[in-house]
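Contents: one structure, followed by commentary.
What follows is calculated from the coordinates using simple rules that are stated; it is not laboratory data. Because the structure is a prediction, the values reported are computed rather than measured. All Cβ positions, glycine included, derive from the backbone under ideal geometry; neighbour counts span all protein chains shown.
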């Protein structure tokens, strides 16, 4: 398994299509501080073993969280500084109860 760190890079939503060729190898991806949006997250659905994703300071919204909820392998999601809502984070936590979610909201 490999981790991919693209922190603070110029990676775009379309660039994430290249990662799908590594679908059986990637378990960690760091996208913090990039221009990734909800559209780019759809490309992560092919990463069957993705356990950890950092989306801090990206443009994702609740729509992107709905996409992430389709990844049952996720164990950790970092989404501070994004455009998500408390309701969206709550729904994601309900969909992935074993996943640790770090956000701007306290779910406890």
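Please give the number of the condition residue 64 fails out of (1) touching a strand residue (DSSP E or B) at 6+ places or on another chain (Cβ under 9 Å); (2) buried (at least 19 other Cβ atoms within 10 Å of the Cβ). If we test residue 64 against (1) touching a strand residue (DSSP E or B) at 6+ places or on another chain (Cβ under 9 Å); (2) buried (at least 19 other Cβ atoms within 10 Å of the Cβ), just (1) comes out false. Taking the numbered list (1) over 12 Å from the mean Cα position of the chain (by Cα); (2) within 22 Å of residue 7 (Cα to Cα) in turn, residue 62 passes all entries but (1).
For residue 32, the criteria (1) in a loop (DSSP other than H, G, I, E, B); (2) closer than 14 Å to residue 77 by Cα; (3) touching a helix residue (DSSP H, G or I) at 6+ places or on another chain (Cβ under 9 Å) hold in every case but one, which is (3). Out of the residues in segment 35-55 meeting the condition of being in contact with a helix residue (DSSP H, G or I) (Cβ under 9 Å, 6 or more places away or on another chain) and in a loop (DSSP other than H, G, I, E, B), tell me which one is farthest from residue 84 (Cα to Cα). Filtering first and then ranking leaves 47. Filtering segment 31-42 for residues that are loosely packed, with under 14 Cβ neighbours inside 10 Å, under 12 Å from the mean Cα position of the chain (by Cα) and farther than 15 Å from residue 6 by Cα leaves an empty set.
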